[in-house]
Amino acid sequence: MEVNRKKRYYLKMKEVGLNWRITRIGNLKKERVKLKYVVSNTYDQMSLKAAKYVADAIKAKPGIVLGLPTGGTPIGMYKELVRMHKEEGLDFSQVKTFNLDEYLGLAGDHNQSYRYFMKSNLFSQVNIQERNINFLSGIASDPIAECKRYEEAIVAAGGIDLMILGIGVNGHIGFNEPAKELKANSHLIDLAQSTIDANARFFDNKEEVPTRAITMGVGSILRCKEIILLASGKSKEDAIDGTTNGVVTTDLPASLLQLHSDVTLFLDDEAAAKVDR
Ligand code: F6R
């Protein structure tokens, strides 16, 4: 009886053309309720699972547009993607990429620039085409115009299908540092002292660590169709707690990811320690 009533209701809705919309709204609601989690025991397992996820996305859409992070966290994932290319033929020939950020003042061939990092860890080892690689230039004579150019290039590519993020100990994503206000689009930013300190490990001495960067904004990130975020280790447990606890605040920029309907967190046990799943 109940079933018949429901069926009649949906048939009626179909008649008046509302069926599709009701289903869509239902789906959106379901997706919005919760962030998705893939939790692993170790960093290596987390890296393998994230790489497999990205590889599957590339196979499903060979011309996929990816958003990419640098830093210590994604190195294991990039290593596995390179292995998959070399041993299993994972094809990057049509893949397009947009990196999240770049240090201001560093040219792409500087060995601490993010472009150099991407070249060594991924681009030089797979069959991606140079013209499909996009970066904010750290040495643009007009950084504001450079940010505008980047946003337009993302739109021209059809938007970013899959954004891969790391997270700072202070909850930054890209180089969107905790602040009273956040910028929506790509912009110049003064790095937080905690970020400068964390990045110092990659430089010979502290004085060389850049204090400014050029980064996608939180809007550039939230406009991506799908987002995955990787985090590993105890130093990230509080940032991940703040990303997942239901509160949205510019004091912890990654918390804004809770406003997006398709986010998956790839975590190891330590980073996931405080998450209420
Ligand atoms: C780097 C980036 C940053 C890093 C974050 C975590 O392109 O956008 O947000 O993802 O600082 O860095 P690691 O992985 O070194 O802890």
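Laboratory data are not the source of any read-out in this text; all were calculated from the coordinates shown. Just so it is clear, the model here is predicted, and its values are computed rather than measured. A quick note on method: Cβ atoms are made from the backbone with ideal geometry, for glycine too, and the neighbour counts reach across all protein chains shown.
Measuring between their Cα centroids, segment 142-176 and segment 210-228 lie 4 Å from each other. All C-alpha to C-alpha distances of segment 35-268, sorted into 5 Å bins beginning at zero, yield P(r) values of 1, 7, 15, 20, 21, 19, 12, 5, 1, 0 percent in whole numbers. Here is the size of segment 92-171 from its Cα atoms: Rg then Dmax, 13.1, 36 Å.
Restriction of the trypsin sites (Lys or Arg not before Pro) in segment 161-258 to DSSP coil positions whose beta-carbon has at most 12 other beta-carbons within 10 angstrom yields LYS180.
Fully extending the segment from GLN129 to VAL247, taken as 0.36 nm per residue of separation minus the present Cα-Cα distance, adds 38.4 nm.
Work out the length of the dipole vector of the chain about its Cα centre, built from +1 on the beta-carbon of each Lys and Arg and -1 on the beta-carbon of each Asp and Glu, and round it to the nearest 20 debye. It comes to approximately 1840 debye. The stretch between ALA145 and ILE75, if pulled fully straight at 0.36 nm per residue, gains 22.1 nm over its current Cα-Cα span.
Extension gain for ASP190-ALA273 works out to 26.8 nm (0.36 nm per residue, less the C-alpha to C-alpha distance). Only Cα pairs under 8 Å and 6+ residues apart enter the sum, and on that basis the relative contact order of the chain stands at 22 percent. In terms of surrounding Cβ atoms within a 10 Å radius of their Cβ, ASP161, ASP269 rank from fewest to most as ASP269, ASP161. Taking only the C-alpha atoms of segment 174-277, the Rg (one decimal) and the largest Cα-Cα distance, Dmax (whole number), read 14.4, 42 Å. Suppose R0 equals 22 Å; then what is the FRET efficiency for THR211 and GLN112 from their Cβ-Cβ distance, rounded to the nearest 0.05? Approximately 0.95, to the nearest 0.05. Computed from backbone phi, the HN-Hα couplings of segment 118-134 come to 5, 5, 6, 7, 9, 4, 6, 10, 10, 8, 6, 8, 3, 5, 8, 9, 10 Hz, rounded to whole numbers (Karplus: 6.51 cos²θ - 1.76 cosθ + 1.60, θ = phi - 60°; Gly and Pro given as x).
Based on Cα contacts under 8 Å between residues 6+ apart, segment 27-165 shows a relative contact order of 27 percent. Placing R0 at 41 angstrom, the Cβ-Cβ distance between ALA153 and GLN258 gives a FRET efficiency of 0.90 after rounding to 0.05.
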